[in-house]
Amino acid sequence: MSDTASREKIYGADASEGNTCLLRIKVLRAVDLQRRDFLGGSSDPYVKILLQTRENRNQTIDIAITRTIPKTLNPLWNQDFTFRVDPTKHRLAFEVYDQNKITKDDFLGMFFVELNLNIPYESAEQSMLTRDYPLLKRSVLQRVRGSVTIGLCYINQNSPVTRKDSTENENASAQEAGFEIVNREDTVEPTPAIAETPLPPGWEQRQDGHGRIYYVDHNTRTTTWTRPNGRTAAASQRPQQQVGDRRQIDDMDVNNARTSIATGPVTASRIATPTASTDDLGPLPPGWQMSKTENERAFFIDHINKRTTWIDPRTGKPTPIPSAQRELNQNGPLPSHWEARTLPDGRVYYIDHLNKITTWTDPRVAGPTVPYSRDYAEKYKAFRHYLPRPKSHVGSQVEIHVNRKDIMESSFRVIMSIKDTEVLKTRLWIVFDGERGLDYGGLSREWFLILSREIFNPYYGLFEYSAIDNYTLQINALSGLFNEDHIKYFRFIGRIIALAIYHGKLLEAFFIRPFYKMLLSKPVTLADMESVDREYYQSLKYIVDNDPEDLDLFFVVSEEVLGDLREHELKPGGQHIQVTEQNKHEYIDLVINYRFVQRIASQMNALKQGFQDILPFEAIRMFDEKEVELLISGLGDINVDDWRMHTMYKGGYTPDNPVIQNFWKVNNED
């Protein structure tokens, strides 16, 4: 829509409504917007203007949209709009987006303007006042920056009820109180009062490579996505995403931001955009606030007792659960034998009737479940048979003394102090300091278990959760910022992985598929991206299927490091080489190589060196990447039918024994 047409059109309320007046809005410019295009292209920002009711901020009366300004983070719109408003009932919301030709438009920030304050009339003596509005987040997990400059003035001669009769007084009021107060008081949402409270002692807020905020508890050396408050800190709350719970897929997906909120402490990472404290049921009691999860279910915040609840304090009844149909349909139909169900709190989980397992992970988004096949069993048997035995000069057993309270550091010191790694191929005899025990296999299994929970814990910064979920791990490209000896630790981790394989033990860690391929020195392809970062994959797939010249891409990729946006050339002079139909496949190969290989080359090389200290890579060449995952981590889910079919009974028990029948019945329940 042209500027002239947008100004001539009158948006907003109907002229027949009482006490309305015309408001002219001039959207001038924005500065220093957040870049969202991770492929390195330019941003194409536009502004959406929403006229909303003050009583119900989810009710939008009308919307106007500016033109899109291509290829800039400092757009100049200089565009006028006219809205019919009732200053006592309406308010304005401004939302900034980056137009995206591949996926949905990216949110860049928002701000609000209340109209029940003094806004000047447009006249020969009084020109339009302009203000810079800093952009605000819509939820705490978003990153925004920059500001937008707009101008406001009334253009009709019928004064709104809130205006003074004196033109001189109203102009002074607009300059001194009205326009200033709009920006200072009314652009602040209730969320910061909760989200920005100081962290408890010993806690730190960090941001991973995908822009997701997580919290580090230095007291317990754990991490969590949930912002702590005094109660959680005092109780040393177990982190929601602790790696030890890998076999129970977490109930919070950060890309989809599915939220589970029960009565308990208020946590910023679980709060979506706050809503008004009043609706058709009237105002909330003092100290209460209503908000919504990102699946649109309303919940209530009791600021006095510092808790949240589904129960509406005005009715004593829980809020209704929104329909999950939109979430279930947005990724297309489920695979055969799969079913989606919804829990009472609105969370969706998935049932695989073929393998009789349940999972939080949408099978349409996650990578395929690794099957346990007879072919793998035969390979594993051959692998164990041909495994190189320790040389005779090293003896038959090695004692490893570790401290349970300092399991990572004590294990690192012992394992890395052994120069002749042939010793580690002998029988492991694990001794926990201060504990009496004989290791006939159990203590070794426990050592690998609790050690894997520590070394793969994102708290230490060596690994991070992948972009698609909070379950699979990938090497943190910025690990050197968290540990100056990170290369030594990656070599140590390589030794631990190889030791676990050699001694037939499992680690509680599941990695992204490219990790296993790199371990096997196989090339990483575009198809591997889908199970790691679906949005990134779809963007690259779009380039494969279409002519990318209109996207204005160059041979550079952008990434944010500690708040600074950095560009990396994929090839010499890449910032001047545009991606075309002829070179797009080279571009995609370079993006994949940078994303998975180049950024973590030193870490992966150290890990592979540590692995080879124990095992030659030729020993695992017979396995593919899916089977290597089984080799390291085992099955995340158990095929009960296969287990039952190959079970041997002792002590007088038979398959027909009532206890045995009940055992299988319980394990077969969904």
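The values are calculated or read from the model by the stated rules, or taken from the named source; none is laboratory data. Since we're looking at a predicted model, the values are computed, not measured. Counting neighbours? That spans all protein chains shown, and the Cβs are built from the backbone with ideal geometry, glycine included.
Below are the figures for this structure:
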read-out: Among the residues listed as ASP564, ASP547, ASP552, the single one being surrounded by fewer than 13 Cβ atoms within 10 Å (Cβ to Cβ), acidic (Asp, Glu) and at pLDDT below 85; value: ASP564
read-out: Hey, TYR516 of a type in the set (Phe, Trp, Tyr) and outside any helix (DSSP H, G or I) or not; value: no
read-out: Unmet criterion (only one of (1) surrounded by 20 or more Cβ atoms within 10 Å (Cβ to Cβ); (2) in contact (Cβ under 8 Å) with a residue 60 or more places away in the chain; (3) aromatic (Phe, Trp, Tyr)) for TYR542; value: (1)
read-out: Unmet criterion (only one of (1) within 29 Å of ASN668 (Cα to Cα); (2) surrounded by 14 or more Cβ atoms within 10 Å (Cβ to Cβ); (3) modelled with pLDDT under 75; (4) not acidic (Asp, Glu)) for LEU334; value: (3)
read-out: Test: ASP406 is under 30 Å from THR222 (Cα atoms), acidic (Asp, Glu) and surrounded by fewer than 18 Cβ atoms within 10 Å (Cβ to Cβ); value: yes
read-out: Residue identified as more than 19 Å from the chain's Cα centre (by Cα) and within 23 Å of ASP105 (Cα to Cα) among PRO514, PRO523, PRO548, PRO572; value: PRO548
read-out: Subset of the range 392-449 (residues that are farther than 24 Å from TYR460 by Cβ and part of a helix (DSSP H, G or I)); value: SER392, HIS393, VAL394, GLU422, VAL423, LYS425, GLY442
read-out: Count - residues of the range 596-625 that are under 22 Å from ARG427 (Cβ atoms), in contact with a helix residue (DSSP H, G or I) (Cβ under 8 Å, 6 or more places away or on another chain) and not hydrophobic (A, V, I, L, M, F, W, C); value: 3
read-out: Residues within the range 56-78 that are crowded, with 20+ Cβ neighbours inside 10 Å and outside any loop (DSSP other than H, G, I, E, B), tallied; value: 2
